[in-house]
Structure formats: structure tokens, C-alpha cells
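The block underneath contains the structure these notes are about, expressed in C-alpha cells.
No lab work stands behind these numbers, since they all come straight from the coordinates. Here the structure is a predicted model, which means the values were calculated and not measured. Positions of Cβ are generated from backbone atoms using ideal geometry, with glycine treated the same way; all protein chains shown enter the neighbour counts.
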């Protein structure tokens with residue numbers, strides 16, 4: 001029971017009330033200065049700007065294709081695009097072969113075993129193509145084995 005009286009806040013409030021009731025010449029200026037920081041923080045907090053959620057943008061779809069195209073026009077367009085894609089792939093293959101020729105000549109001039117390097121590079125390319133085909137197989141619905149066999153031929 002003695003420990004309860006040690007932590008009893010009633011005695012503390014009574015002591016505070018006695019101090020506040022005592023007449024002191026600087027009581028009001030001290031009280032004003034004590035309130036000033038809290039009032040400043042409240043004023044600063046009340047004037048802060050809070051922004052709401054931004055307005056959701058409206059999406060406008062722009063189509064450059066004619067909506068009234070026929071299936072024959074779509075197929076012809078697809079064939080033309082495929083021809084362009086094949087030409088680009090052929091040009092990339094030609095450039096890659098020219099680079100290999102340059103590196104082959106450089107390797108021969110440096111005294112390297114060019115055939116061994118070419119075999120390793122071909123094996124790496126085949127492995128990369130097989131991995132790409134394996135990754136594409138579930139997406140295209142084909143068996144990866146068939147795709148790898150077609151690449152190897």
C-alpha cells in the first residue's frame with residue numbers, strides 16, 4: 001500500500017494548483033512564452049497543404065489502320081511485313097557473317113586455333129537458340145523438341 005501512495009497523481013496536481021494560485025509577478029509572461037512554441041507548431045500544422053488524389057487520365061486510342069479492312073488486305077499487309085522482317089534478318093545474318101570473317105582473319109593472323117573457336121561459338125549459338133525455342137514453346141503450343149530439331153537442320 002505504501003507504494004501506491006508514491007505514484008498517486010493527486011498530490012502532484014495539488015502541488016501544481018498551489019503553485020499556480022500563488023501570486024507571482026511574471027506568471028502571465030511565463031505562461032504566454034510556454035504556450036508560444038505549441039501554438040506555433042499548431043499554426044504551422046493547420047496551414048499545411050494536403051493534396052488529394054490526382055484526376056485519372058482519360059485514354060484515347062489512336063488507330064492508324066482502317067477499321068473497314070478486309071481479311072485479304074490484312075493478309076497482304078502481314079505478308080509485306082514478313083518480307084521486310086525476313087530482309088532485315090538476312091541483312092543481320094550477312095553482317096554477323098562479315099564480322100565472323102573479320103575475327104577469323106584476325107585470329108589466324110594472331111596464331112589462334114580458329115576452327116576450335118568457331119566450333120565453340122557454333123555450339124554456344126545452338127544452345128542459345130535451343131533455350132530460346134524452349135522458352136517460346138509453351139507460348140506457341142509447339143513441342144520444344146520439334147523446334148530444336150528444325151533449328152539444328
Original post:
In region 30-69, how many residues are surrounded by 10 or more Cβ atoms within 10 Å (Cβ to Cβ) and assigned to a loop (DSSP other than H, G, I, E, B)?
Top reply: 1
Original post:
In region 70-115, which residue that is outside any helix (DSSP H, G or I) and surrounded by fewer than 10 Cβ atoms within 10 Å (Cβ to Cβ) is farthest from the chain's Cα centre (by Cα)?
Top reply: 111
**OP:** Pairs only if they're at least six apart or on different chains, beta carbon under 9 angstrom, first in region 87-102 and within 15 Å of residue 122 (Cβ to Cβ), second in a helix (DSSP H, G or I); list them, first residue then second.
**Re:** 100/118; 100/121
